[in-house]
Structures are given as structure tokens and as C-alpha cells.
Amino acid sequence: MAIQPECYDCLLRLVDLAVDLAGGGPEKQKQAQEVSRDIVRREFRPGAVPACIANLFHRAIRDLTGNPDPFSARKNAETSYLARMHARIAPSYEEDLDSLLRLAVVGNAIDFFREEEEVTREILSQVSWTHSDLEPLSRQLEGSGGLLLYLADNAGEQFFDLPLVTHLRRLGWQALYVVKGGPIQNDLTREDLSASGLREALEPVADTGARTVGLVFSETEPAFQELYREADLILAKGMGHFETMSHLSDPRLFFLLQAKCSPVAQALGVPRGSFVLRRALRS
């Protein structure tokens with residue numbers, strides 16, 4: 001995804017948020033903020049990927065403040081909130097593939113730069129696709145089954161993902177739920193999954209072995225790389241995965257997300273706020 005001028009201010013806001021959440025005392029926070037802002041200034045250029053810039057300064061903030069998981073409290077709060085919202089709206093969705101995809105994607109409305117009132121309003125509204133490649137996904141799912149990697153996004157979304165993952169498994173697919181290899185922003189980890197009580201329900205679970213926003217293949221563990229090569233289908237959830245994988249032309253890959261910012265929406269060719277199921281094939 002091509003970086004846009006407005007990504008600069010968004011990255012600086014993320015620096016400030018991450019430093020504030022990391023704590024560690026005024027001196028460490030000041031140093032972490034200065035180093036992180038220097039990273040943004042140095043790395044922000046045409047062709048850069050916003051998520052990859054964020055990965056660099058998140059690492060610096062962890063190292064300088066000594067906090068391995070600055071977003072821990074935020075993740076716990078978002079998980080509790082999304083658990084309540086899922087219980088509230090799940091009965092209004094049917095059990096067919098399209099309905100379960102829409103239920104899964106509405107959980108992606110959560111974001112640390114959005115007010116809870118706005119997110120609640122969207123979650124309570126029935127999802128309407130702006131773009132949906134449901135037909136090609138359905139055709140691929142009609143095969144004899146195989147390995148499907150479900151690349152999870154934010155902590156709390158597992159409640160919305162579970163019905164879809166269960167459905168895919170009932171269709172005969174080996175749906176492997178994939179989380180991050182360690183804490184990064186508010187992304188889901190094995191520990192977050194266990195704390196929510198859903199790890200057993202979502203097993204088998206794998207992780208990328210990497211602490212990155214989105215998927216930076218070169219930083220993942222060899223075991224995950226082998227799974228990725230062997231996969232027959234890949235469902236990648238959230239904007240981070242789109243930012244880091246949108247350059248791929250891969251008939252196995254589908255993106256499932258809400259376009260919560262203008263640069264991502266422009267890259268997808270949809271209005272901001274749109275819900276999208278998009279195949280990764282490029283023209």
C-alpha cells in the first residue's frame with residue numbers, strides 16, 4: 001500500500017500513545033519519544049509501508065522503557081468490551097458464510113484512535129459490504145478442503161472470529177488460527193487468547209514467531225513460513241495485514257477488514273469506513 005502524507009501525523013500520534021502507555025518514568029519516556037520520532041522522520045518516504053515504520057519505533061519504545069507490552073491494559077479493556085458486544089449482536093447474524101464473514105469483520109471496527117461510542121454505533125449496525133469477493137472465496141471453499149490460515153488481528157476480535165473459524169472447519173478445512181509471536185500494539189497473542197478463555201475453542205492455534213504489525217514475512221519463524229507456503233487459502237484480517245501484504249498477487253489470499261483511514265480506503269478504492277472482503281489478485 002502506498003504511503004500517504006497524512007500517514008505522517010498518524011504515526012506521530014501512535015508514537016505518543018505508545019510512549020504514554022509504556023511508562024518507565026519521564027526520562028525514559030522522553031528518550032523513547034525522541035528516538036521514535038526520529039525513526040518516523042528517517043523512514044517516511046515514498047514506497048515505505050506505515051506498519052513497517054511502526055514496527056521499528058515500537059521495538060525502540062519497548063527497549064528504551066523496558067515495557068515488553070505497553071498496550072496490555074488497553075488490550076484487556078478492548079477484549080472485555082468486544083466480548084460484551086459480541087454477546088449482544090451475535091444472535092442477529094445467521095450461520096451462512098456471508099453472515100459469519102460480516103460478523104467477523106464488524107469486530108474489526110475496534111481501534112485505539114476511535115471513540116468507543118463510534119465503535120459501538122458501527123458494531124450495532126448490520127454490516128453492509130462496500131466490496132465483497134464472496135463468490136471467488138466460496139468457489140475456493142467448495143473444494144476438497146485443505147490448510148487455511150486465518151491471520152488474526154486485534155485482541156478481542158477472537159469472539160467475532162470463532163463462529164467463522166468453526167464454520168470453515170465444518171466445511172472440511174484445516175483452519176489454523178494464527179496470532180502474533182509476541183506483543184505488538186493491540187494485536188492478539190497466544191497469551192491474550194488464553195486470558196480471554198477462547199484459546200481451547202480456537203485450537204489449533206499457531207503464531208508467526210514475529211512481533212510485527214501485519215505480516216513481515218522475513219521476520220517470521222521458519223515453522224510459520226512453511227505453513228504459509230503449504231496453505232491452500234489465507235484469510236488476512238485487519239488494516240495491518242493489508243498494508244504489509246497488499247503488494248502480493250496471490251489467488252490464495254483474501255483480505256477481511258474495515259478501512260478505518262483514508263490511505264487504506266484509497267488503496268482499496270472504497271470510502272473510509274467501508275467493510276471489505278477483497279481478493280489479493282491485482283490487475
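Listing for the model above:
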read-out: Check on residue 195, more than 21 Å from residue 230 (Cβ to Cβ) and either touching a residue at least 40 places away in the same chain (Cβ under 8 Å) or in the same structural domain as residue 91 (by TED's automatic domain parsing) (or both); value: yes
read-out: Counted residues, the range 108-124 - those being in contact with a helix residue (DSSP H, G or I) (Cβ under 8 Å, 6 or more places away or on another chain) and in a loop (DSSP other than H, G, I, E, B); value: 4
read-out: Any chance residue 270 is within 24 Å of residue 98 (Cα to Cα) and touching a residue at least 12 places away in the same chain (Cβ under 8 Å); value: yes
read-out: The one condition in (1) buried (at least 21 other Cβ atoms within 10 Å of the Cβ); (2) more than 20 Å from residue 51 (Cα to Cα); (3) not aromatic (Phe, Trp, Tyr) that residue 180 fails to fulfil; value: (2)
read-out: Any hit, the range 84-101, residues being within 25 Å of residue 217 (Cα to Cα) and buried (at least 17 other Cβ atoms within 10 Å of the Cβ); value: no
read-out: Residue under evaluation residue 49, criteria (1) in the same structural domain as residue 215 (by TED's automatic domain parsing); (2) in contact with a Gly (Cβ under 9 Å, 6 or more places away or on another chain); (3) over 24 Å from residue 177 (Cα atoms), criterion not met; value: (1)
read-out: The range 14-29, residues that are small (Gly, Ala, Ser) and either buried (at least 19 other Cβ atoms within 10 Å of the Cβ) or touching a helix residue (DSSP H, G or I) at 6+ places or on another chain (Cβ under 6 Å) (or both); value: 18, 22, 24
read-out: Options 79, 130: the member that is hydroxyl-bearing (Ser, Thr, Tyr), touching a helix residue (DSSP H, G or I) at 6+ places or on another chain (Cβ under 8 Å), surrounded by 16 or more Cβ atoms within 10 Å (Cβ to Cβ) and not assigned by TED's automatic domain parsing to the domain that holds residue 10; value: 79
read-out: Among the candidates 255, 242, residue that is on the phi < 0 side of the Ramachandran plot, assigned by TED's automatic domain parsing to the domain that holds residue 172 and in contact (Cβ under 8 Å) with a residue 60 or more places away in the chain; value: 242
read-out: Sole residue being within 30 Å of residue 16 (Cβ to Cβ) and touching a strand residue (DSSP E or B) at 6+ places or on another chain (Cβ under 8 Å), chosen from 190, 199; value: 190
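Yes/no matrix, rows are residues, columns are (1) surrounded by fewer than 22 Cβ atoms within 10 Å (Cβ to Cβ); (2) at pLDDT 95 or above; (3) more than 21 Å from residue 122 (Cα to Cα):
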{"position": "208", "(1), (2), (3)": "no, yes, yes"}
{"position": "214", "(1), (2), (3)": "no, yes, yes"}
{"position": "234", "(1), (2), (3)": "no, yes, yes"}
{"position": "256", "(1), (2), (3)": "no, yes, no"}
{"position": "265", "(1), (2), (3)": "yes, yes, no"}
{"position": "274", "(1), (2), (3)": "yes, yes, no"}
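Every residue, every condition in (1) crowded, with 16+ Cβ neighbours inside 10 Å; (2) hydrophobic (A, V, I, L, M, F, W, C), yes or no:
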| position | (1), (2) |
| --- | --- |
| 33 | yes, no |
| 41 | no, no |
| 44 | yes, yes |
| 52 | yes, yes |
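Results for (1) among the charged types (D, E, K, R); (2) at pLDDT 95 or above; (3) assigned to a loop (DSSP other than H, G, I, E, B); (4) under 26 Å from residue 150 (Cβ atoms), shown as yes or no for each residue.
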site: 29; (1), (2), (3), (4): no, yes, no, no
site: 35; (1), (2), (3), (4): no, yes, no, no
site: 47; (1), (2), (3), (4): no, no, yes, no
site: 58; (1), (2), (3), (4): no, yes, no, yes
site: 73; (1), (2), (3), (4): no, yes, no, no
site: 85; (1), (2), (3), (4): no, yes, no, yes
site: 106; (1), (2), (3), (4): no, yes, no, yes
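The values are calculated or read from the model by the stated rules, or taken from the named source; none is laboratory data. This structure is a prediction, so every number in the text was calculated from the model and none was measured. Backbone-built Cβ (ideal geometry, glycine too); neighbour counts: all protein chains shown.
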